[in-house]
Amino acid sequence: MARVVLLSSSPAENSKTEALLGFIGRRLGQYGHRTEFIKLRHLPAGPLLAGDTSDELIASARSTVASADAVVVGSPVFKATYTGLLKVFVDALPMDALHGKPVLPVLTGGSAAHVLALDFGLKPLLATLGASSIGRGRFVLSKNILPATESSPASIDESVELDVIDAIDQFDSELTVRSRSCTHAEAVDPESLITTPITTDRNPS
């Protein structure tokens, strides 16, 4: 199955965005996909702002994105768009960093007035990185993301849970189709596609 990177661009600990990404990651894991978290706030601020791709942690994050089969990008909405933390990381990526990768964008925010930030902010940003496909994604109100407790992980309010699950399931369907296509392509021997003339001494009947 696919190796999926969950990219959090929230600058805050106990982030609602990361709770949403965690929910997505657990469901993808149930489908057999391997997931890995990158929390951009853990990258060194100085090198990140300077675009220093030689920094060990930044280089590792770039490599993780490059080697992923797919990416889920999550951000809270600040000033009507994605965070500056996401922008500086994207600036440190190659222009084709998402080439050939399906991407699922998700945003969180305190007001439904920010829902357009998904289509007019985050998706165009991801398109510049060459994503092979960008899912419809979801904007989820922060109040509908329930914090983790001692006995349970963070969850999504039932009023929006099915809608979020629908987005995850659509993403999973694309990953499954792509995985099967890649497996089929690898199974075909390129030499078997080359035909050579067959000669015979017998007269045709």
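The values are calculated or read from the model by the stated rules, or taken from the named source; none is laboratory data. The model shown is predicted, which means the values in this text are computed figures rather than measured ones. All Cβ positions, even for glycine, are placed from backbone atoms using ideal geometry, and neighbour counts span all protein chains on display. In case anyone asks, the SASA skips ligands and DNA or RNA and just uses the protein heavy atoms, side chains included. Shrake-Rupley method; radii C 1.70, N 1.55, O 1.52, S 1.80 Å.
Please identify every one of the trypsin sites (Lys or Arg not before Pro) in the stretch 1-86 that sits in a loop by DSSP and has no more than 16 other beta carbons within 10 Å of its own beta carbon.
Counting only loop positions with at most 16 other Cβ atoms within 10 Å, the trypsin sites (Lys or Arg not before Pro) in the stretch 1-86 are Lys79.
Anyone know which of Gly22, Gly137, Gly100 comes out most mobile in the 10 Å Cα GNM of the chain?
Gly100
Could you tell me what percent of the DSSP beta bridges with both partners in the chain are antiparallel, to the nearest 5?
15
When a/c reaches 1.5 or more, the comparison of a/b and b/c decides; with that in mind, is the stretch 2-72 rounded, prolate or oblate per its Cα gyration tensor?
Oblate, because a/c is 1.5 or more while a/b does not exceed b/c.
Heavy atoms only, probe 1.4 angstrom, no DNA, RNA or ligands counted: give me Asp69, Asp172 ranked by accessible area, highest first.
From most exposed to least exposed: Asp69, Asp172.
To the nearest 0.05, what FRET efficiency results for Asp119 and Ser142 with a Förster distance of 25 Å applied to their C-beta separation?
The value I calculate is 0.85.
Taking the dipole about the Cα centre of the stretch 89-174, with the C-beta of Lys and Arg at +1 and of Asp and Glu at -1, give me whichever of Gln170, Phe89, Ser111 is farthest to the positive side.
Phe89
Per the Kirkwood treatment, what hydrodynamic radius in Å, one decimal, follows for the chain from the mean inverse distance over all distinct Cα pairs?
By the Kirkwood definition, the hydrodynamic radius is 18.5 Å.
In percent, what relative contact order does the stretch 1-151 have, based on Cα pairs under 8 Å that are 6 or more apart in sequence?
26
Taking the stretch 142-173, which GluC sites (Glu not before Pro) meet the DSSP loop condition and have no more than 15 other C-beta atoms within 10 Å?
Glu150
Give, rounded to the nearest 20 debye, the magnitude of the charge dipole that the chain has about its Cα centre when Lys and Arg contribute +1 at Cβ and Asp and Glu contribute -1 at Cβ.
For the chain, the charge dipole is close to 360 debye.
Hydropathy first: keep DSSP H helices in the chain averaging at least -0.5 on Kyte-Doolittle, then drop any whose Cα extent along the axis falls short of 18 Å, and list what survives.
What comes out of the filter, once short or polar helices are dropped, is 16-30, 158-187.
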